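Asks: Pasting a structure below so you can have a look.
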Amino acid sequence: MKRIGLTILILMTAIFLFGCNSTEEAKNYTYTQENGVYRVQEEGLVIEMDEQAFADQGERDRATSQLLQALEKAKTFLTGRQAAQTQVQCRLLSGDGVSQVRDGEVDIYYYDTIPQPYVNYMVQALLGTDVPDFLREGVAAYGAQQMGESLADSYAQALQPLWAQQEGEESSGSHVTLTDMAKALADDEKFASGSLAEAKELGDMLAGISEQADGEEAQNYHAAYCIYAGSFIEYWAEQQGIDTILDWYEEGADESAMEESLPLLMASWRQEGLNS
């Protein structure tokens, strides 16, 4: 059974996160409309938008432009690679729900309300999701970072005080690397012990999320897991090159082939990467 690249967005009244999407003037696109859904197809991306959430042409155009830019950045990161998917279908949905990524498909709830990592989504959708959690989430986070997108501005926005660059300065996240964030988490008392510390083990992400005491801890666990996974991929890429990692990803990430070397790599990352 394929694992779903799941973006856990626990919807609680205590979550006060607001998107910071681009305000650049967007191109005008042509949409079809059927059964309460606007649809547009452009450059390998099919977008469907709930009519009740995107009644305004300008909002539709801005969303389309942003998602096309995210897809282009994901493709740039994967330049020279034969992606598993040549087309991505993205649905922008209204109502309560959980944003998620599958092979070639992205479902996004609360577009432009809750910050979400669009380049990250597109990397996962293009490469496929039937790989271990740490690899899928880590490569997507690393690839998005290479293209200028930071988890500090999406999943981990609420954790920004941990890695503010200096006292009194609020970090936007754009200049904070995955390993900067991972080190801050590893040094923080709340994340260095208890159930949240398990995120650093890079095991089954959804199992770890389900074990958290409440929605806030589940959201923080998910953010921490993705940061640690991205930091591990960043460390691994520095040691062996990103092509080595992507080769394994494309081959289906058979863990038996990495049975001996993977634990050693992870141990080295925890000792050296997080403590340097």
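The values are calculated or read from the model by the stated rules, or taken from the named source; none is laboratory data. What you are looking at is a predicted structure, and each value in this text was computed from that prediction instead of being measured. Because the Cβ atoms are built from the backbone with ideal geometry, glycine has one as well, and the counts that use them run over all protein chains shown. Heads up: the accessible areas ignore ligands, DNA and RNA and are worked out on the full protein's heavy atoms, side chains in. Shrake-Rupley method; radii C 1.70, N 1.55, O 1.52, S 1.80 Å.
Asks: Which of the following residues is part of a helix (DSSP H, G or I) and touching a residue at least 24 places away in the same chain (Cβ under 8 Å): ASP61, ASP130?
Replies: ASP61
Asks: Of these, TYR142, TYR155, which one is in a helix (DSSP H, G or I), touching a residue at least 60 places away in the same chain (Cβ under 8 Å), under 27 Å from PRO263 (Cβ atoms) and hydroxyl-bearing (Ser, Thr, Tyr)?
Replies: The conditions single out TYR142.
Asks: Something else: For TYR121, are the conditions met, namely being closer than 19 Å to LEU246 by Cα and either open to solvent by less than 30 Å² (accessible area, probe 1.4 Å) or at pLDDT 95 or above (or both)?
Replies: When the stated conditions are applied, TYR121 passes them.
Asks: Considering only segment 69-85, I want to know if a residue exists there that is out of contact with any Asp or Glu (no Cβ under 6 Å at 6 or more places or on another chain), modelled with pLDDT of 90 or more and over 28 Å from TRP248 (Cβ atoms).
Replies: yes
Asks: Does ASP107 satisfy the criteria of being among the charged types (D, E, K, R), touching a Lys or Arg at 6+ places or on another chain (Cβ under 6 Å) and either over 20 Å from VAL40 (Cα atoms) or open to solvent by less than 40 Å² (accessible area, probe 1.4 Å) (or both)?
Replies: yes
Asks: Take the conditions at pLDDT 95 or above and of a type in the set (A, V, I, L, M) and apply them to VAL98. Does it pass?
Replies: Spelling it out, it is not the case that VAL98 is at pLDDT 95 or above and of a type in the set (A, V, I, L, M).
Asks: Condition first: open to solvent by less than 40 Å² (accessible area, probe 1.4 Å), of a type in the set (A, V, I, L, M) and either touching a His at 6+ places or on another chain (Cβ under 6 Å) or part of a loop (DSSP other than H, G, I, E, B) (or both). Now tell me which residues in segment 64-104 satisfy that.
Replies: Scanning segment 64-104 gives LEU78, ALA83.
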